Amino acid sequence: MNEFFKIGLIVKPQGIKGEVKVMPLTDSTERFRALKEVLIDNVKHKIISAKIAPDSVILAISGITDRNTAETFRGKFLVVPREDAVELEEGEFFIADVIGCTLKTEDGSVVGTIIDVTSAKTDYFTVKLVNEKIMRFPFLKDLLVYGDMEKGEMVVKAKRLSEVACYED
């Protein structure tokens with residue numbers, strides 16, 4: 001399992017006082033309000049303030065005091081250690097933990113390996129099948145039997161998967 005999580009990407013400076021606009025890489029932008037520090041290029045930075053916008057977060061970060069300095073952080077990821085990650089509810093998983101898991105059906109048959117998760121209103125999983133082809137499906141609550149991140153596997157209902165899966169040629 002990953003020890004660190006990317007929670008945001010600095011997309012550009014915001015204003016002249018060194019604030020940066022961040023594209024969140026997490027389900028909850030509210031988590032940024034409680035954020036105390038992040039790692040950027042393995043260097044700890046304190047978060048001074050966070051403003052939540054509809055599609056982004058504006059952060060004031062220690063050591064970034066002007067637009068020119070903020071510009072040097074463009075394209076860098078905000079990273080937190082696992083122990084500082086948000087608490088998950090029952091049945092929730094970190095995307096970083098899901099990628100690489102074996103996808104199985106409830107009878108134990110191996111479908112393939114989860115190679116990507118695309119986040120949208122519904123997350124879409126991309127799976128490399130045992131026959132090397134690619135399958136995608138929306139991650140629906142009625143599809144999941146269980147997920148065991150310690151074992152690196154997710155188990156789904158075969159019938160429901162067949163109803164929602166799309167395959168590449």
For the pair residue 51 and residue 119, the simple spin-label estimate (label points 7 Å beyond Cα toward Cβ) gives in nm 2.2 nm
Please state the charge dipole magnitude for the chain, taken about the Cα centre, from unit charges on C-beta atoms (+1 on K and R, -1 on D and E), reported in debye and rounded to the nearest 20.
760 debye
Rounded to the nearest 10 Å², the accessible area of residue 6 using a 1.4 Å probe with every protein chain kept is 120 Å²
Top positive-direction residue, dipole computed over the range 1-151 with Cβ charges, set 140, 129, 72:
72
Straight-line reach only, C-alpha to C-alpha below 28 angstrom: list the lysines that residue 17 could link to, leaving out same-chain residues fewer than 8 apart.
6, 36, 44, 46, 51, 76
Heavy-atom accessible area per residue of the range 19-141, all protein chains kept, 1.4 Å probe, expressed in Å², is 59 Å²
Out of (i) 22.8; (ii) 16.0; (iii) 17.7, which label holds the value of Kirkwood radius over Cα pairs in Å that was computed here?
(iii)
Which far-off residues, 5 or more places away or on another chain, put their amide H under 5 Å from the one on residue 19, with H placed in the peptide plane?
14
Quick one: Karplus J couplings for the range 73-86, per residue in order, coefficients 6.51, -1.76, 1.60, θ = phi - 60°, nearest Hz, x for Gly and Pro?
9, 4, x, 9, 8, 8, 10, 10, x, 3, 5, 9, 6, 5
At 1.4 Å probe size, what's the solvent-accessible area of residue 83? Round to the nearest 10 Å².
150 Å²
Enumerate the amide H contacts of residue 123 below 5 Å, restricted to partners 5 or more residues apart or on another chain; note that Pro and chain-start residues carry no placed amide H.
139
Apply the Karplus parameterisation 6.51 cos²θ - 1.76 cosθ + 1.60, with θ equal to phi minus 60°, to every residue of the range 28-36 and state each ³J(HN,Hα) to the nearest whole Hz, in sequence, with x for glycine and proline.
10, 5, 4, 4, 5, 5, 8, 5, 9
Straight-distance crosslink candidates among lysines, where the alpha carbon sits under 19 Å from residue 104 and sequence neighbours closer than 8 are dropped
128, 133, 141, 151, 157, 159
Whole-Hz Karplus ³J(HN,Hα) for the range 106-123, in order, using 6.51 cos²θ - 1.76 cosθ + 1.60 and θ = phi - 60°, x for Gly and Pro?
4, 8, x, 5, 7, 8, x, 10, 6, 10, 7, 10, 9, 8, 8, 4, 10, 6
Amide H within-cut-off set for residue 8, under 5 Å, with H built and near neighbours excluded:
25, 78
Got a number for carbon plus sulfur as a percent of the chain's accessible area, 1.4 Å probe?
51 percent
What is the dipole size for the range 86-169, taken about its Cα centre, with +1 at each Lys and Arg Cβ and -1 at each Asp and Glu Cβ, in debye to the nearest 20?
360 debye
Helix-only [θ] at 222 nm, the chain, -39500 (n - 2.57) per DSSP H run of 4+, per residue, nearest 500, equals -2000 deg cm²/dmol
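The values are calculated or read from the model by the stated rules, or taken from the named source; none is laboratory data. Because the structure is predicted, anything quoted here is derived from the model rather than measured. Cβ atoms come from the backbone with ideal geometry, glycine included; neighbour counts cover every protein chain shown. For the accessible areas, the whole protein counts, side chains as well, though only heavy atoms, and no ligand, DNA or RNA atoms are used. Shrake-Rupley method; radii C 1.70, N 1.55, O 1.52, S 1.80 Å.
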